[in-house]
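**Q** I have a structure here, written as structure tokens, and I will follow up with some questions on it.
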């Protein structure tokens, strides 16, 4: 029998060169797109413990490189039962870490080898580890909060969207199991918002989200589970097309496709990368992202095995209507005979200003409505549509200003200005604040809304409003807020069985861990002045930002509205507290001039701003700004730099409005998700820089650190220097 080998050779060439696989889109039919490698089995087992065995009232103390080594399960203080639980837990975790660090170092020196604790530790490392291995492990102790309750709630909530999200991925010819990835990112909480500005169930940061979604002061589609899932499908598909490997594509979701491509080019496959790739940003989170996905996928797909009797929420079905013009959300809800809260829950992409009346629902927005409301845009009365969006107005406080002067200049009542900016009667305004100026009609709804939250009857509300209108001139107030800067983000050994977990019990209450008495609190910072120059410094009311300590002073006060006399500035060392309603920063165009017949503005760069932002607000290309300022692609603009911008296409007022809204959005989103409970001090150590301090040590955005250290040069930090930092806790209740 004659046999020709040429067709067979051709087929082999096509297969080995990847001709067919690269030409076709990634499909679910691919054999095992999510392999479980032996090298990451201990990691997957670790995350299954985190997600399904212990609640967030517990945490694991473990080795950050070898996740098979778990030292203790720490029982944490419950905030519902213990005062200062955050501080107590910090101390408990630190003390337990130090205990095991000392034990590991002692074992490395040949001591404690016969003690019960020592034998258990040695067994975790295979029985007879080398001293160098133990010394290294002493520096790799890490704490991981457990998440069983949150993961369980995430499975319940995912029922609203999971089926539809799988359909979205199926249409893109992607593995539908990718729909379980939000369990890793957000526990399927569409309200999730990170300290560094990642939002929604897919936790897109602003820069990535804008590639696929609308993100503005009125609309943030990252918070819409379905629209953000379409964006996630495109993003993951792009990662796969670059890397042609799902473990790497999923890791790239956390670490970035370009970085993973460089690692792939150097090391090859996934296992070689996680075992050998050394990069400052390729840390614990990136190295464990794929194992986390595998663990979450296993638990969520077989949730009845891990969470018996669990019932998922019913699937949410909606009909969309595209709005041809702007419209007031409350008026639309009235027309639909639909509670405003119901309309809000169906449209999480619409931001708070739309729901509180500061802004209209924007033209072109596709509104989600219940399936039993069959509505087309032309059925909405034309009288409800608005021709233009409400404008955002603000006033930047200057030296010599008082709240009374500002109110008169803006032709509004003083009480309106104070209430609109949530300024307390005893607080002060100060230089650099940007006070919101309400549009006509915005004041009354805000007053009613405030007292409605307290469930006060209408007659009482009327009497309070009447009293407030006749009230004598109040003092002005404020704290500050600035925008958030761009954020950033161990090898694994052969799998060994996880040993029985040892619980660390909470220490009994002692005089050392009891809540600090008022007498133990640090005294407030005082200012040395003459009697004729007494500064008007007022304590911040404790209900603002959830502050428990009233001994926090405002900085740079100007004056009270009653006295209307300039006051001295508080020394830079004074601790700052932040009012999320009031921003600081220079968002104005400082100077307008004519250059070659064109209007040019000069601005000062503020935190978090980039040339891309300016180009977006000005509706021009970034290169136009680069050419105007002779800035190369390698040059990076820095905060407080002065640059020129062209004002021919977008005028000065509109540019300032968009710029203000950008920073306001960041501040509002942060303080809608977090509150500040107290302020502490961090002493800079050798090797620290502001990036490591913010991202690796304190877990705080740079803009917030700058607010609490207004006079600090973050480019020139030195060991021994102290920085104030806030203790930030989430406002999202633990299930």
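**Q** Which residues, taken from the stretch 644-657, are buried (at least 16 other Cβ atoms within 10 Å of the Cβ) and over 29 Å from the mean Cα position of the chain (by Cα)?
**A** Answer for the stretch 644-657, where residues must be buried (at least 16 other Cβ atoms within 10 Å of the Cβ) and over 29 Å from the mean Cα position of the chain (by Cα): 644, 645, 646, 647, 650.
**Q** Here's another thing I want to ask about it. Against the conditions (1) in contact with a helix residue (DSSP H, G or I) (Cβ under 7 Å, 6 or more places away or on another chain); (2) buried (at least 17 other Cβ atoms within 10 Å of the Cβ), where does residue 285 fall short? Just the number, please.
**A** It fails just one condition, (2).
**Q** Go through (1) modelled with pLDDT of 90 or more; (2) assigned to a loop (DSSP other than H, G, I, E, B); (3) over 29 Å from the mean Cα position of the chain (by Cα) for residue 389 and report which single condition fails.
**A** Residue 389 satisfies all of (1) modelled with pLDDT of 90 or more; (2) assigned to a loop (DSSP other than H, G, I, E, B); (3) over 29 Å from the mean Cα position of the chain (by Cα) except (3).
**Q** Test residue 667 against the stated conditions and say whether it is surrounded by fewer than 18 Cβ atoms within 10 Å (Cβ to Cβ) and in contact with a strand residue (DSSP E or B) (Cβ under 9 Å, 6 or more places away or on another chain). Lay out the reasoning, then the answer.
**A** Details: surrounded by fewer than 18 Cβ atoms within 10 Å (Cβ to Cβ): no; in contact with a strand residue (DSSP E or B) (Cβ under 9 Å, 6 or more places away or on another chain): yes.
Considered against the rule, which asks whether it is surrounded by fewer than 18 Cβ atoms within 10 Å (Cβ to Cβ) and in contact with a strand residue (DSSP E or B) (Cβ under 9 Å, 6 or more places away or on another chain), residue 667 comes out as no.
**Q** Now for a separate question. Determine if the stretch 400-412 includes at least one residue that is surrounded by fewer than 20 Cβ atoms within 10 Å (Cβ to Cβ) and within 19 Å of residue 585 (Cα to Cα).
**A** Yes; the residues of the stretch 400-412 include at least one that is surrounded by fewer than 20 Cβ atoms within 10 Å (Cβ to Cβ) and within 19 Å of residue 585 (Cα to Cα).
**Q** Does residue 88 meet the test of being farther than 30 Å from residue 276 by Cβ, modelled with pLDDT of 95 or more and under 29 Å from the mean Cα position of the chain (by Cα)?
**A** no
**Q** Taking residue 282 and the conditions (1) closer than 30 Å to residue 697 by Cα; (2) over 26 Å from the mean Cα position of the chain (by Cα), which numbered condition does it fall short on, given that it satisfies the others?
**A** (2)
**Q** Looking at this structure, is residue 265 at negative phi and in the same structural domain as residue 344 (by TED's automatic domain parsing)?
**A** Taking the combined requirement at face value, the residue does not satisfy it.
**Q** Quick check, is residue 36 within 30 Å of residue 244 (Cβ to Cβ), touching a helix residue (DSSP H, G or I) at 6+ places or on another chain (Cβ under 7 Å) and surrounded by fewer than 17 Cβ atoms within 10 Å (Cβ to Cβ)?
**A** Yes, satisfied.
**Q** A follow-up question, please. Tell me, yes or no, whether the stretch 363-371 has at least one residue that is farther than 26 Å from residue 216 by Cα and in contact with a helix residue (DSSP H, G or I) (Cβ under 9 Å, 6 or more places away or on another chain). Before the answer, list the steps.
**A** Within the stretch 363-371, the first condition is being farther than 26 Å from residue 216 by Cα, and the residues that meet it are 371.
Add one more test, that the residue is in contact with a helix residue (DSSP H, G or I) (Cβ under 9 Å, 6 or more places away or on another chain), and what stays is none.
No: the stretch 363-371 contains no residue that is farther than 26 Å from residue 216 by Cα and in contact with a helix residue (DSSP H, G or I) (Cβ under 9 Å, 6 or more places away or on another chain).
**Q** Criterion first (part of a helix (DSSP H, G or I) and loosely packed, with under 13 Cβ neighbours inside 10 Å) does residue 638 satisfy it?
**A** So residue 638 fails the test.
**Q** Might you check whether a residue that is not in a helix (DSSP H, G or I) and not assigned by TED's automatic domain parsing to the domain that holds residue 673 occurs anywhere in the stretch 340-348?
**A** Yes: the stretch 340-348 contains one or more residues that are not in a helix (DSSP H, G or I) and not assigned by TED's automatic domain parsing to the domain that holds residue 673.
**Q** Checking the condition on the phi > 0 side of the Ramachandran plot, within 26 Å of the chain's Cα centre (by Cα) and outside any helix (DSSP H, G or I), which residue from 217, 188, 212 passes?
**A** Selected residue: 188, the only one of 217, 188, 212 that is on the phi > 0 side of the Ramachandran plot, within 26 Å of the chain's Cα centre (by Cα) and outside any helix (DSSP H, G or I).
**Q** For residues that are farther than 29 Å from residue 150 by Cβ and assigned to a helix (DSSP H, G or I), tally how many sit in the stretch 239-255.
**A** 3
**Q** Quick one: which residue in 227, 223, 206 is modelled with pLDDT under 95 and either under 30 Å from residue 663 (Cβ atoms) or touching a strand residue (DSSP E or B) at 6+ places or on another chain (Cβ under 8 Å) (or both)?
**A** Working: 227 fails: modelled with pLDDT under 95; 223 fails: modelled with pLDDT under 95.
Only one candidate passes the filter, namely 206.
**Q** Taking only pairs six or more apart or across chains, which ones have beta-carbon atoms under 8 Å, a first residue in the stretch 623-647 that is at positive phi, and a second residue that is assigned to a loop (DSSP other than H, G, I, E, B) and surrounded by 10 or more Cβ atoms within 10 Å (Cβ to Cβ)?
**A** Cβ pairs passing all conditions: 640/605.
**Q** Conditions: (1) in a loop (DSSP other than H, G, I, E, B); (2) at pLDDT below 95. Residue 15 meets all but one. Number of the miss?
**A** Among (1) in a loop (DSSP other than H, G, I, E, B); (2) at pLDDT below 95, the lone unmet condition for residue 15 is (1).
**Q** Among the numbered conditions (1) surrounded by fewer than 20 Cβ atoms within 10 Å (Cβ to Cβ); (2) closer than 19 Å to residue 94 by Cα, tell me where residue 159 comes up short.
**A** Of the numbered conditions (1) surrounded by fewer than 20 Cβ atoms within 10 Å (Cβ to Cβ); (2) closer than 19 Å to residue 94 by Cα, the odd one out for residue 159 is (2).
**Q** While we're here: Kindly indicate which of 280, 222, 227, 258 is in a loop (DSSP other than H, G, I, E, B) and either in contact with a helix residue (DSSP H, G or I) (Cβ under 6 Å, 6 or more places away or on another chain) or on the phi < 0 side of the Ramachandran plot (or both).
**A** 280
Listed here are the residues, each with its yes/no results for (1) in contact with a helix residue (DSSP H, G or I) (Cβ under 6 Å, 6 or more places away or on another chain); (2) farther than 17 Å from residue 315 by Cβ; (3) at pLDDT below 95.
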| residue | (1), (2), (3) |
| --- | --- |
| 128 | no, yes, yes |
| 146 | yes, yes, no |
| 160 | no, no, no |
| 167 | no, no, no |
| 178 | yes, yes, no |
| 182 | no, no, no |
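**Q** Could you list, in sequence order, all residues of the stretch 602-635 that are over 15 Å from residue 662 (Cβ atoms), at pLDDT 90 or above and surrounded by fewer than 14 Cβ atoms within 10 Å (Cβ to Cβ)?
**A** Those that are over 15 Å from residue 662 (Cβ atoms), at pLDDT 90 or above and surrounded by fewer than 14 Cβ atoms within 10 Å (Cβ to Cβ): 602, 621, 623, 627, 630, 632.
**Q** If I go through the stretch 319-345 residue by residue, how many of them are within 21 Å of residue 200 (Cβ to Cβ), in contact with a strand residue (DSSP E or B) (Cβ under 6 Å, 6 or more places away or on another chain) and surrounded by 15 or more Cβ atoms within 10 Å (Cβ to Cβ)?
**A** The qualifying residues number 1.
The values are calculated or read from the model by the stated rules, or taken from the named source; none is laboratory data. Predicted model only: the values in this text are computed from it and were never measured. Glycine also receives a Cβ, built like all others from the backbone with ideal geometry; neighbour counts cover every protein chain displayed.
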